[in-house]
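The values are calculated or read from the model by the stated rules, or taken from the named source; none is laboratory data. Remember, it's a predicted structure, so these values are computed and weren't measured experimentally. Here the Cβ is made from the backbone with ideal geometry for all residues, glycine too, and neighbour counts use every protein chain on show.
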Amino acid sequence: MGRSFLASFLLVFLSLFVANGQYGDGQYGPAMYFFGDSGFDVGNNNNLFTLIKSNFPPYGRDFPTKQPTGRFCNGKLACDFAAERLQIPYPQAYLSSEANGNNLLTGANFASAASGYFDATAELYNTISLSQQLENYREYQNRLVEIAGRSNASTIRSDAVYYLSAGSSDFLQNYYINPLLQLAFTFDRFSDILMQSYTNFIQRLYALGARRVGVTTLPPMGCLPAAMTIFGLGSNECLEWLNNEAVSFNNRLNATSHRLQNQLFGLKLIIFDIYRPLYNISTNPTAYGFAESRKACCGTGLLETSILCNPFSVGTCANASDYVFWDGFHPSDAANGFIAESLLESGMRLVS
């Protein structure tokens, strides 16, 4: 089975709305805006005083430039494939020096690794909270008016597609390793708090003009190599209790999204279920053409991510496409391709 599902998915996905406008010649669209965590961060954290970075090797070794960019992957992210299809520059990290002028006409990326629905998660790691990401987007809107004019800017925003990836950091990098937080809140109560934050984010994004929004679910947290290492006491199997809690949260996310869509006129809010496809290839990798899912490619594959995944990490694999995970928390770009196949129907619903 081939490894190009991500590109194929986006070709179909983007062809549904590319006719809405073309970049250049006075017409713009469709813009793409990304919010959330490391699933979408293309380098915003490079410009922060934080340990949560990936702007060093071996990150980016399979990227076209063969250089690290701040993406938490060995190669491209989904937003990069989308940009290629539209023949526009790769999505720019809003805090980067490249986020200016015409580069802003086709969208911007506000995501920050280690951010979450819970603003305190981002504060813990000195990254950009969702609340601040929205403020950055508000600032972006003013810059867009200056560049494109008020009428064109309004059209760009209304035709745009907005994406959000969040939640994993709230649990894996905060709640599960924070005894004080666990004493204060049960899992259910903490999930409800995150849902309120999610609701507030969608409502504020809607007020700023968003009408087509795609939101990713939590992954199977119990199958992430770092999670199995930290919480599994040497287990070689996905941790059922962590996966069950991810499913519980995803059920809340679906129910909350359904209510929001009913409450906010004209909002199309689609949930992208990344749990099931990642669970499938994590528990049965050879059936999908992978060789390894318990260990990641970088270093020992048991824990390394961010600064622990570095040029001196002993044991880093030669061929990341054999691995479901690139580092302890993040899928390889090959795994992202398989996941994308299952998102085809959801993508069509978002843009149709």
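Just give me the residues in the range 217-231 being β-branched (V, I, T) and closer than 24 Å to F35 by Cα, in sequence order.
Listed by number, the list holds a single entry, T217.
May I ask you to verify whether A318 is outside any loop (DSSP other than H, G, I, E, B), surrounded by fewer than 16 Cβ atoms within 10 Å (Cβ to Cβ) and over 19 Å from the mean Cα position of the chain (by Cα)?
no
Of (1) modelled with pLDDT of 90 or more; (2) surrounded by 18 or more Cβ atoms within 10 Å (Cβ to Cβ); (3) within 18 Å of the chain's Cα centre (by Cα); (4) within 24 Å of T316 (Cβ to Cβ), F34 satisfies all except one. Which?
(4)
Could you grab the pairs with beta carbons closer than 9 Å, sequence gap of 6+ or different chains, first residue in the range 179-196 and farther than 18 Å from G116 by Cα, second one at pLDDT 95 or above and assigned to a helix (DSSP H, G or I)?
Close Cβ pairs (under 9 Å, with a partner that is at pLDDT 95 or above and assigned to a helix (DSSP H, G or I)) amount to A184/F190.
Just to check your reading of the model, which residue among N45, N74 is assigned to a loop (DSSP other than H, G, I, E, B), crowded, with 24+ Cβ neighbours inside 10 Å, modelled with pLDDT of 95 or more and in contact with a Lys or Arg (Cβ under 6 Å, 6 or more places away or on another chain)?
Answer to the selection: N74.
From the set of residues in the range 120-148 that are among the hydroxyl-bearing types (S, T, Y) and assigned to a helix (DSSP H, G or I), which is surrounded by the fewest Cβ atoms within 10 Å (Cβ to Cβ)?
S131
Mind listing just one residue for me: the one in the range 321-331 that is in contact with a helix residue (DSSP H, G or I) (Cβ under 7 Å, 6 or more places away or on another chain) and at pLDDT 95 or above and, of those, surrounded by the fewest Cβ atoms within 10 Å (Cβ to Cβ)?
This residue is S321.
Identify all residues within the range 48-60 that are surrounded by fewer than 16 Cβ atoms within 10 Å (Cβ to Cβ) and without any contact (Cβ under 8 Å) to a residue 40 or more places away in the chain; write none if there are none.
Within the range 48-60, just N55 meets the criteria.
For the range 283-315, name all the residues that are hydroxyl-bearing (S, T, Y) and either more than 19 Å from I339 (Cβ to Cβ) or surrounded by fewer than 16 Cβ atoms within 10 Å (Cβ to Cβ) (or both).
T283, T286, T300, S306, S313
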